[in-house]
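For reference, the structure is listed below as structure tokens.
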């Protein structure tokens with residue numbers, strides 16, 4: 001299981017006048033945790049680029065259960081759920097003190113060959129290599 005958890009404190013510049021995090025900032029929190037998860041297998045965004053691929057986000061789904069607020073400490077968990085044809089990550093944001101779930105989300109990323117700018121329908125061999133798995137036969 002590939003995952004990472006990062007602890008963040010909600011900064012003032014991420015909140016509105018009611019001291020509630022603006023919904024768009026959650027995407028950045030997911031990105032921080034996703035980068036940390038990818039680094040655990042040595043395949044962060046610089047390594048992706050060096051391997052000849054990019055993995056743009058093609059889908060994002062977010063469920064806001066309870067708002068995060070100014071100064072609150074949160075734990076953001078990103079977990080890789082699928083990798084054969086795309087990278088699908090799930091996310092959970094919890095209050096760092098109580099453990100209460102605030103938000104959950106999911107992103108999908110697909111491989112794009114940087115030399116041709118073409119989307120791939122199967123993850124490239126480097127993904128399986130980084131995960132320590134054999135590449136599936138087609």
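Each reported figure results from applying straightforward, stated rules to the coordinates on display, with no laboratory input. Quantities reported herein were computed from a predicted structural model and do not represent experimental measurements. We place every Cβ from the backbone using ideal geometry, glycine too, and count neighbours over all the protein chains shown.
Distance from the C-alpha centroid of the range 25-44 to that of the range 1-22: 14 Å, rounded to the whole angstrom.
Working from the pairwise distances between different alpha carbons, so that the mean of 1/r is found and then inverted, what is the range 1-58's Kirkwood radius in Å? Intermediate results must be reported in sequence, preceding the final value.
Details: mean 1/r = 0.0758 Å⁻¹.
This gives a value of 13.2 Å.
Cβ-to-Cβ counts within 10 Å put 26, 64 in ascending order as 64, 26, the fewest first.
For the range 37-98, take N as its residue count and report Rg(C-alpha) divided by 2.2 N^0.38 Å.
Working: Rg = 14.6 Å, N = 62, 2.2 N^0.38 = 10.6 Å.
So the Cα radius of gyration is 1.39 times the expected 2.2 N^0.38 Å.
Potential lengthening of the chain between residue 19 and residue 73 amounts to 18.1 nm, from the contour at 0.36 nm per residue minus the alpha-carbon distance. Using C-alpha pairs below 8 Å separated by at least 6 residues, the relative contact order for the chain is 27 percent. Per residue, the convex hull spanned by the Cα atoms of the chain measures out at 113 cubic angstrom.
Each part gets one Cα centre, and for the range 53-67 versus the range 76-124 those centres are 7 Å apart.
If I stretch the segment between residue 61 and residue 119 completely, what's the gain in nm (0.36 nm per residue apart, minus their alpha carbon distance), one decimal?
Working: separation 58, 0.36 × 58 = 20.88 nm, distance 2.10 nm.
The span from residue 61 to residue 119 would gain 18.8 nm if fully extended.
Between the helical axis of 25-39 and the dominant principal axis of the chain, each derived from Cα atoms, what acute angle in degrees is found, rounded to the nearest 10? That works out to roughly 40 degrees. Computed extension length for residue 128-residue 98: 7.1 nm, one decimal, from 0.36 nm per residue of separation with the Cα-Cα distance subtracted.
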